[in-house]
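Visitor: Take a look at this one; I'll ask things after.
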Amino acid sequence: MSKGEETKTRILQQAAELFNQQGYAGSSISDIMRVTGLQKGGIYNHFSSKDELALQAFDFAIALVSQRTKAAIRSKHHAIERLEAIMEVFSSFVEYPPIKGGCPLLNTAIESDDAHPGLRDRAQQAMNSWLNLISQIITKGIDRGEIRSGVNADEVATIIIATLEGAIMMSKLYDDVIHIQRIITHLKQYINTNLKSYGTS
């Protein structure tokens, strides 16, 4: 990696942490200069605007989430085990977030709802990836007889993601992991009661 690439990566990481903690609207160019230790020209040497930096910083943060997810499911082969591994990844965001400030998808989706269409589109794309991953795991599980036939994969993906993100929000709001712990317990029961095919181990 060249010195220029190293600098750009460092800016992305520091800006991603800043945006994830203070929000895009709440972070000024002066804030970005402060956390990176660079002058405005040094930042704009790598990014044409604050908007471009925000979009790339979000992509950087989501890539960290994806790496953690892929690592968690890599050794899991049964559909139920893979779903539970994804749930544990989400659970870890409360105490060990992939980037300072918590779940970048949750934070960005809330902030960018109407204020920043570009970030909203990026958040939608990231959410689609989560939903598609869970749907694919369920669909493959049905094909293998690990998940009972008749399960609506898209519906279950929505239930799992929405429930987990809500629990992360509550745990962060109250600074208490009990909320995510309760939801993980509930979702595991839900999966084993409503999804698992008991013709398989």
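The values are calculated or read from the model by the stated rules, or taken from the named source; none is laboratory data. Note that the structure is a prediction, hence the values are computed from the model and not measured. When we count neighbours, we look across all protein chains shown, and the Cβ atoms used for this are built from the backbone with ideal geometry, even at glycine. These area figures cover heavy atoms from the full protein model, side chains too; ligands, DNA and RNA do not enter into them. Shrake-Rupley method; radii C 1.70, N 1.55, O 1.52, S 1.80 Å.
Visitor: Excluding ligands, DNA and RNA, what is the solvent-accessible area per residue of the chain at a probe of 1.4 Å, expressed in Å²? Don't jump to the answer; show the numbers that get you there.
Guide: On the way: 10560 Å² over 201 residues.
Per residue, the chain has 53 Å² of solvent-accessible surface.
Visitor: I would also like to ask the following. Could you bin all the Cα-Cα distances of the chain into 10 Å bins starting at 0 and give me the percent of pairs in each, rounded to whole numbers?
Guide: Bins of 10 Å from zero give 9, 32, 30, 18, 8, 2, 0 percent of pairs.
Visitor: Can I ask one more? Going from the alpha-carbon gyration tensor of segment 83-201, what semi-axes, largest first and in whole Å, does one get by taking the root of 5 times each eigenvalue?
Guide: Numbers: eigenvalues 147, 66, 21 Å².
Those come to 27, 18, 10 Å.
Visitor: When all alpha-carbon pairs of segment 47-141 are counted, what percent fall beyond 24 Å?
Guide: On the way: 1157 of 4465 pairs.
Beyond 24 Å sits 26 percent of the P(r) for segment 47-141.
Visitor: Counting only other residues whose beta carbon sits under 15 Å from that of residue 180, what net charge do I get with K and R as +1, D and E as -1? All intermediate terms of the calculation are to be shown ahead of the outcome.
Guide: Details: positive: 172, 182, 188; negative: 84, 88, 95, 165, 175, 176.
So the environment of residue 180 carries a net charge of -3.
Visitor: Now for a different question. Please report how far the C-alpha centroid of segment 78-98 lies from that of segment 128-201, rounded to the nearest whole angstrom.
Guide: Using only Cα atoms to place each centre, the spacing works out to 10 Å.
Visitor: Still on this model: Using each residue's phi in segment 40-46, evaluate 6.51 cos²θ - 1.76 cosθ + 1.60 at θ = phi - 60° and report the 3J(HN,Hα) Karplus result to the nearest Hz, with x for Gly and Pro.
Guide: 4, x, x, 6, 6, 6, 10
Visitor: Under the classification rounded if a/c is under 1.5, otherwise prolate if a/b is larger than b/c and oblate if not, where does segment 1-101 fall, given a ≥ b ≥ c as square roots of the Cα gyration tensor eigenvalues?
Guide: On the way: a/c = 3.28, a/b = 2.15, b/c = 1.53.
Prolate.
Visitor: Carbon and sulfur: what percent of the chain's accessible surface (1.4 Å probe)? Display every interim value, and only then the final one.
Guide: Working: 5210 of 10560 Å².
Its accessible area is 49 percent carbon and sulfur atoms.
Visitor: Another question, if that's okay. Going by amide H atoms built from the backbone, whose H comes under 5 Å of the H on residue 147, apart from near neighbours?
Guide: 142, 197
Visitor: Here is a further query. Looking at this model, which pairs from 172/196; 76/140; 70/172; 3/40; 76/100 are more than 22 angstrom apart at the alpha-carbon?
Guide: Details: 172/196 31 Å; 76/140 13 Å; 70/172 24 Å; 3/40 18 Å; 76/100 28 Å.
Checking Cα-Cα distances, 172/196; 70/172; 76/100 exceed 22 Å.
Visitor: Let me ask you something else. Using alpha-carbon pairs under 8 Å, 6+ residues apart, how would you state the relative contact order of the chain in percent?
Guide: Details: 198 pairs, mean separation 41.6, N = 201.
With pairs under 8 Å counted, the relative contact order is 21 percent.
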